[in-house]
Amino acid sequence: MHMIHFVSSGYGGPSISCGNKDAMKTRINDYLKAYEQLGYFSGSVLVAYDGEVLLNEGYGMANREHEVKNTSDTIFRLGSVSKPITATAIMLLHEKGFLDVDQTIDWYLTDIPSGNRITIHHLLTHTSGLNHSSDGSLLFEPGSKFAYVNTGYILLSRIIEMVSGYTFGQYLKETIFEPSGMQNSGYAGEEEIHKGQADGYSAYEDRVIDGKFVDMSTLAGAAGLFSTTSDLFRFDQALQTGQLLSRHTLERIFTPFRENYGYGWYIDEQVFSGITRKRISHGGLNDSGFFTRMTRFKDDQLLVITLSNFLLSPLEKMNRDLAALIFGETINDPEKADPNVGEPAPHTDYERLAGQYEAFMPIPVTVEQSRLFISIFGFKLELFLQNETETQIDCYSKAAYVHVTFHKNNSGIVTGATIQWLGEDGYYAKRSGANE
């Protein structure tokens, strides 16, 4: 493995010397290739540092049936990464005086019963109190709490149309996409399918399956946009350089209101190499088979964009690892599960593992025709034996980056399980009715 050396930079973060940029790109690529080769990642990734692109590559297949590969120009559905773009569109109208984000929405929409209590600011920050049905009923007093729902951003796209006189997609095209040079971005609810658009995939039991059909027009400004890694880099640059919005407006966008959420962005802090760093990010997923994340470490000038057309890609871990690598930490490539290591029983009795496991949600583990399954977050995945000892039984999923360790008590009875979902840190789930 190449050793990557850093030199001090003027803004506190490490700076990659010219002679090591190729080595850094190679290390990033090797890391991403490891996920691709295991079948756990399919998509495109861009890493930019100090305004310069270090890597912008595609991995896996845009279309598995026809073996079309992902590239840096492959188009992906963004899911909720649409929200930062919608928020930008609203603030463009605010800067030009066509609307006021502190105004109640009944000035613009007359069919929301509680519109005289909800401001555009509340919609932008997920503090409107509206529920998922958008019928106007309130879960709490606007501004008092945070509740992440798509309803607010769907209403924001309607306000954009009402105020601008354009369709939502056309307004974005003329005010954001074209000025920023984003030629492969648009609103999926209006635009025709673009050449180079990826198909979305999910997982079921032990195999990859097609994503579900989703009518993107129902998601509008909340999750209805599509783009590429290259275009999102251009969007980021247009924001950072003040091409789209003033510094004063950007400061308002990037100021959290409640629960670390600003206008279309989460704003929080993470620690790398002993230094606390400000992170501005948003993720998105869509049942049609897409999982996306856009992350900027503002003061360190680092941008990581991961767009995947496999819904169960471990993007959260991948984003953190790529940032850690840039900030000088050592990261590990994903490990391939090695079935039947050690001395497991040749025909494991899976029935002893079946039952209801309780963590933050009920997690059923079932046996069907001698096959072991776990159902979690709406997914049903088959588990395969990896290893068994006196105290635990290790299993893994071939279809996604999921590992489950079943724990046994002194009598050999399974009492609980540690579940690692998409490479995240494991959490414990107690087996219902079992004694520790």
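Taking His122 as meeting all but one of (1) closer than 21 Å to Thr249 by Cα; (2) touching a Pro at 6+ places or on another chain (Cβ under 7 Å); (3) part of a loop (DSSP other than H, G, I, E, B), write down the number of the exception.
In the conditions (1) closer than 21 Å to Thr249 by Cα; (2) touching a Pro at 6+ places or on another chain (Cβ under 7 Å); (3) part of a loop (DSSP other than H, G, I, E, B), His122 misses (3) alone.
Do you know which residues across the stretch 261-280 are touching a Pro at 6+ places or on another chain (Cβ under 7 Å) and touching a residue at least 60 places away in the same chain (Cβ under 8 Å)?
Gly262, Gly264, Trp265
Only one of these is of a type in the set (Val, Ile, Thr), under 30 Å from Thr295 (Cβ atoms) and open to solvent by 10 Å² or more (accessible area, probe 1.4 Å): Thr104, Thr119. Name it.
Thr119
If a residue counts only when it is open to solvent by 40 Å² or more (accessible area, probe 1.4 Å), which strands (runs of 3 or more DSSP E) contained entirely in the stretch 250-301 have at least 2 such residues?
266-272, 275-286
Take Leu46 and tell me if it is modelled with pLDDT of 95 or more, in contact with a Phe, Trp or Tyr (Cβ under 6 Å, 6 or more places away or on another chain) and either more than 30 Å from Gly423 (Cα to Cα) or not in a helix (DSSP H, G or I) (or both).
Considered against the rule, which asks whether it is modelled with pLDDT of 95 or more, in contact with a Phe, Trp or Tyr (Cβ under 6 Å, 6 or more places away or on another chain) and either more than 30 Å from Gly423 (Cα to Cα) or not in a helix (DSSP H, G or I) (or both), Leu46 comes out as yes.
Looking only at the stretch 302-337, which residues are hydroxyl-bearing (Ser, Thr, Tyr) and either open to solvent by less than 10 Å² (accessible area, probe 1.4 Å) or assigned to a helix (DSSP H, G or I) (or both)?
Of everything in the stretch 302-337, those that are hydroxyl-bearing (Ser, Thr, Tyr) and either open to solvent by less than 10 Å² (accessible area, probe 1.4 Å) or assigned to a helix (DSSP H, G or I) (or both) turn out to be Thr306, Ser308, Ser313.
Touching a Leu at 6+ places or on another chain (Cβ under 9 Å), crowded, with 17+ Cβ neighbours inside 10 Å and modelled with pLDDT under 95: does that describe Ser114?
Considered against the rule, which asks whether it is touching a Leu at 6+ places or on another chain (Cβ under 9 Å), crowded, with 17+ Cβ neighbours inside 10 Å and modelled with pLDDT under 95, Ser114 comes out as yes.
Taking Asn29 as meeting all but one of (1) part of a helix (DSSP H, G or I); (2) modelled with pLDDT of 95 or more; (3) open to solvent by less than 40 Å² (accessible area, probe 1.4 Å), write down the number of the exception.
(3)
Just to be sure before I move on: is Leu172 within 23 Å of Glu57 (Cβ to Cβ), in contact with a strand residue (DSSP E or B) (Cβ under 9 Å, 6 or more places away or on another chain), assigned to a helix (DSSP H, G or I) and aliphatic (A, V, I, L, M) in the structure I sent?
When the stated conditions are applied, Leu172 does not pass them.
Keeping to the stretch 84-98, report how many residues are within 11 Å of Leu156 (Cβ to Cβ) and either open to solvent by 10 Å² or more (accessible area, probe 1.4 Å) or without any contact (Cβ under 8 Å) to a residue 24 or more places away in the chain (or both).
Residues flagged as within 11 Å of Leu156 (Cβ to Cβ) and either open to solvent by 10 Å² or more (accessible area, probe 1.4 Å) or without any contact (Cβ under 8 Å) to a residue 24 or more places away in the chain (or both) within the stretch 84-98 amount to 0.
Could you list, in sequence order, the residues of the stretch 398-419 that are under 17 Å from Phe373 (Cβ atoms), open to solvent by 40 Å² or more (accessible area, probe 1.4 Å) and free of Cβ contacts under 8 Å to residues at least 24 places away in the same chain?
none
Would you pick out the residues in the stretch 185-198 that are modelled with pLDDT of 95 or more and closer than 21 Å to His66 by Cβ?
Ala198
Kindly establish whether Ser82 is within 25 Å of the chain's Cα centre (by Cα), under 30 Å from Gly289 (Cα atoms) and outside any helix (DSSP H, G or I).
no
Residue check: is Ser202 over 28 Å from Phe257 (Cβ atoms), in a helix (DSSP H, G or I) and among the hydroxyl-bearing types (Ser, Thr, Tyr)?
Considered against the rule, which asks whether it is over 28 Å from Phe257 (Cβ atoms), in a helix (DSSP H, G or I) and among the hydroxyl-bearing types (Ser, Thr, Tyr), Ser202 comes out as no.
Within the stretch 231-249, track down each residue that is in a loop (DSSP other than H, G, I, E, B) and either more than 24 Å from Val53 (Cβ to Cβ) or open to solvent by 10 Å² or more (accessible area, probe 1.4 Å) (or both).
Residues satisfying the conditions are Thr241, Gly242, Gln243, Leu244, Ser246.
The values are calculated or read from the model by the stated rules, or taken from the named source; none is laboratory data. Note that the structure is a prediction, hence the values are computed from the model and not measured. Don't worry about glycine lacking a Cβ; one is built from the backbone with ideal geometry, like all the others, and counts go over all protein chains shown. Accessible surface areas use protein heavy atoms only, side chains included; no ligands, DNA or RNA. Shrake-Rupley method; radii C 1.70, N 1.55, O 1.52, S 1.80 Å.
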